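The values are calculated or read from the model by the stated rules, or taken from the named source; none is laboratory data. Worth saying up front: this structure is predicted, and the values here are computed from it rather than measured. All Cβ positions, glycine included, derive from the backbone under ideal geometry; neighbour counts span all protein chains shown. With ligands, DNA and RNA removed, areas are computed over all heavy atoms of the protein, side chains included. Shrake-Rupley method; radii C 1.70, N 1.55, O 1.52, S 1.80 Å.
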Amino acid sequence: MKFRAKITGKGCLELFIHVSCTVARLAKVCVLRVRPDSLCFSPAGFHGLREAGLWCEAGLWCEVRRGAFQQFRMEGVSEDLDEIHLELTAEHLSRAARSAAGASFLKLQLTHRRRPCLTVAVELASSLGRARSVVHELPVQVLPRGAWRACLPPSLRAADASIYLPRWRTLRSIVERMANVGDHVLVEANLRGRMTLSMETEVVSIKSYFKNLGNPPESAGAPPNGDLESMVQVRVDNRKLLQFLEGQQINPTMALCNIWDNSLLQLVLVQEDVSLQYFIPAL
């Protein structure tokens with residue numbers, strides 16, 4: 001098994017730093033799935049779907065495609081299984097990536113000294129104009145093939161409602177206020193570009209309305225009951241939603257909300273060569 005990649009350019013370096021920091025805020029231990037065309041992050045031991053088909057835990061799935069790297073070479077377990085799965089502490093990778101702020105490049109390499117490591121090498125310019133290198137040796141566990149199933153991308157049917165998200169700061173501010181009052185929030189949306197966030201306790205009721213948000217073209221089909229105006233809803237843990245809104249550092253070109261009625265909330269962020277999905281099960 002071999003893996004080596006190189007990132008250059010301010011934009012690509014910042015993007016990888018933001019991805020690493022976002023993953024670290026949402027997962028303590030993560031699995032880095034190395035494929036010929038991408039790097040994928042998921043929480044360690046993430047079994048999103050029970051055998052009965054019920055979503056049972058919050059989790060993320062993040063893909064950084066090959067276009068974000070200037071160099072990208074890998075050899076998997078075999079020709080038929082051209083992948084590598086590495087389990088590591090997400091904060092270790094985040095800390096190493098943050099050291100690349102202002103660097104000329106960052107290199108990733110799977111190495112094996114006393115134990116398998118993901119080596120992160122960063123080249124920085126000193127005040128004297130001379131380059132200096134910083135090397136991080138991150139311990140990793142190479143997962144056997146039997147553990148790969150937990151690292152597969154989520155497979156879901158089409159959502160009951162799909163809608164573009166409002167401005168991120170506005171959404172985060174609303175959820176922050178609701179989190180100070182209650183533990184859950186009801187998210188509703190329809191296929192006419194309308195979305196509401198609401199929560200209710202014995203002493204207070206809060207509801208925020210959004211309209212004309214727009215729906216992606218692929219959501220043009222009719223909802224289960226055939227009424228485009230009807231609201232599809234899901235009640236989720238306010239802390240999980242706020243954790244994602246505060247933790248993600250990607251500046252997405254597209255932000256999408258998918259709802260499976262009373263089952264699951266999925267938030268999707270896309271920016272250039274990165275896509276991030278976060279799943280929150282219904283309460």
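Within the range 151-179, if we keep just the residues that are at pLDDT below 90 and exposed (fewer than 12 other Cβ atoms within 10 Å of the Cβ), the residue that is farthest from Val31 (Cα to Cα) turns out to be Ala158. May I ask you to verify whether Ala24 is modelled with pLDDT under 95, open to solvent by less than 50 Å² (accessible area, probe 1.4 Å), of a type in the set (Gly, Ala, Ser) and in a helix (DSSP H, G or I)? In short, yes.
Filtering the range 57-84 to residues that are surrounded by 16 or more Cβ atoms within 10 Å (Cβ to Cβ) and within 17 Å of the chain's Cα centre (by Cα) leaves Ala58, Gly59, Leu60, Trp61, Cys62, Glu63, Val64, Arg65, Ala68. Taken over the range 85-100, the residue count meeting the criterion of being part of a helix (DSSP H, G or I), touching a Pro at 6+ places or on another chain (Cβ under 9 Å) and open to solvent by less than 10 Å² (accessible area, probe 1.4 Å) is 1.
Applying the condition of being outside any strand (DSSP E or B) and modelled with pLDDT of 90 or more to the range 108-142 and asking which residue is surrounded by the fewest Cβ atoms within 10 Å (Cβ to Cβ) yields Arg115.
If you check Leu81, Leu88, Leu124, which single one turns out to be closer than 26 Å to Lys10 by Cβ and out of contact with any Gly (no Cβ under 8 Å at 6 or more places or on another chain)?
Step by step, each of Leu81, Leu88, Leu124 is checked, and only Leu88 is closer than 26 Å to Lys10 by Cβ and out of contact with any Gly (no Cβ under 8 Å at 6 or more places or on another chain).
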